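The values are calculated or read from the model by the stated rules, or taken from the named source; none is laboratory data. Here the structure is a predicted model, which is why all the values come from computation and not from measurement. Methodologically, a virtual Cβ is constructed for each residue, glycine included, from the backbone with ideal geometry; neighbour enumeration extends over all protein chains shown.
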Amino acid sequence: MGNWKMNGSLSQVDGLLQSLLEHITGDVDCIVFPPAIYLQGTQAKLMSSPLQFGAQNVYPCNAGAFTGELSGPMLREVGCRYVLVGHSERRQLFGESEDFVAEKFHHVKEHDMIPVLCVGETLAEREQGLTEAVLERQLEAIAGRNNSAFSDCIVAYEPVWAIGTGKTATLEQAQSAHAFIRHFVAEGDQETAAELSILYGGSVNAKNAQSLFCMPDIDGGLVGGASLDAKQFVEIVRCIK
């Protein structure tokens, strides 16, 4: 998955998608998340291609007086299949609470799209030994009393201290967090846990992707900056094979 964040222009998006289409085949699930203003153009460009796309954000209401927001039905109408929820930038910069993230998560599922739930700890929380406690809190907000909450979704573990910093969790740190997430889900539903895709995000690049993807509980990557460079992103995608 490539999260483009607030980057790009019409010409850049068109060129990036064209380059990806020339190299991405259907044997790997590959999804890009362009800025909302480019979603409809992305839909037209990717029609009948193996490359898929999703939205970076959603508001958990079908319609209403929410200036500047986009609803699940709107995203569904332009062909979105995936929606990011709970990204650390939304939590930290825009003050999104655990309850609000959960509302978004379930809103996405209600409209037959796949939420990509982002979870992860800050550097201070990591240094205090709170990684698992933070992950449990973030996952519990989604699960509540619903044992099947994590069916038809994707979880992305993103240690906040590694996002855009060039720092990457060690293989042991990443695997440990992913294993914890899978164990948490398994306590509610073992079959869902076995099928759940858990992605690693946090300065993923072509040099570290192969080692990360070899870990037993790391099923892919949620890539930030490197996804804006078609060559780099394709090299990362190839590592999943």
| note | Checked pairs for region 162-179, first closer than 22 Å to Gly225 by Cα and modelled with pLDDT under 85, second of a type in the set (A, V, I, L, M, F, W, C) and surrounded by 12 or more Cβ atoms within 10 Å (Cβ to Cβ), C-beta under 7 Å and 6 or more apart or across chains, list as Lys167/Trp161; Thr168/Ala162
| remark: Checked region 1-21 for anything among the hydrophobic types (A, V, I, L, M, F, W, C) and surrounded by fewer than 18 Cβ atoms within 10 Å (Cβ to Cβ); matches are Met6, Leu10, Leu21
| Scanning region 1-58 for residues that are of a type in the set (Ser, Thr, Tyr) and farther than 24 Å from Leu199 by Cα, which turns out modelled with the lowest pLDDT? | Ser48
| Residue identified as assigned to a helix (DSSP H, G or I) and touching a Phe, Trp or Tyr at 6+ places or on another chain (Cβ under 8 Å) among Ala193, Ala179 | Ala193
| field | Considering residues of region 110-128 that are surrounded by fewer than 17 Cβ atoms within 10 Å (Cβ to Cβ) and modelled with pLDDT of 95 or more only, the residue nearest to Thr165 (Cα to Cα) | value | Gln128
| Gly164: surrounded by 23 or more Cβ atoms within 10 Å (Cβ to Cβ), assigned to a loop (DSSP other than H, G, I, E, B) and either at positive phi or basic (Lys, Arg) (or both), yes or no? | no
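This table checks each residue for (1) out of contact with any His (no Cβ under 6 Å at 6 or more places or on another chain); (2) in a strand (DSSP E or B); (3) farther than 28 Å from Tyr157 by Cβ; (4) of a type outside the set (Lys, Arg).
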{"position": "Pro50", "(1), (2), (3), (4)": "yes, no, no, yes"}
{"position": "Gly64", "(1), (2), (3), (4)": "yes, no, yes, yes"}
{"position": "Arg76", "(1), (2), (3), (4)": "no, no, no, no"}
{"position": "Ala102", "(1), (2), (3), (4)": "yes, no, no, yes"}
{"position": "Lys109", "(1), (2), (3), (4)": "yes, no, no, no"}
{"position": "Leu117", "(1), (2), (3), (4)": "yes, yes, no, yes"}
| So which pairs qualify, if the first residue must be in region 97-111 and closer than 11 Å to Gln138 by Cβ, the second must be among the polar types (S, T, N, Q), the Cβ gap must be under 8 Å, and the two must be at least 6 apart or on different chains? | Glu98/Gln138; Val101/Gln138
| message | Of everything in region 24-47, what is assigned to a loop (DSSP other than H, G, I, E, B) and surrounded by 15 or more Cβ atoms within 10 Å (Cβ to Cβ)? Give them in sequence order. | response | Ile24, Asp29, Cys30, Pro34, Pro35
| remark: Leu84 fails exactly one of (1) more than 16 Å from Val108 (Cβ to Cβ); (2) buried (at least 22 other Cβ atoms within 10 Å of the Cβ), namely (1)
| task | Scan region 16-37 for residues that are under 18 Å from the mean Cα position of the chain (by Cα) and farther than 17 Å from Gly221 by Cβ and jot them down. | result | Pro34, Pro35, Ala36
| request: Say whether the condition of being closer than 20 Å to Met6 by Cβ, in contact with a Pro (Cβ under 6 Å, 6 or more places away or on another chain), of a type outside the set (Val, Ile, Thr) and in a loop (DSSP other than H, G, I, E, B) is met by at least one residue in region 197-206. | output: yes
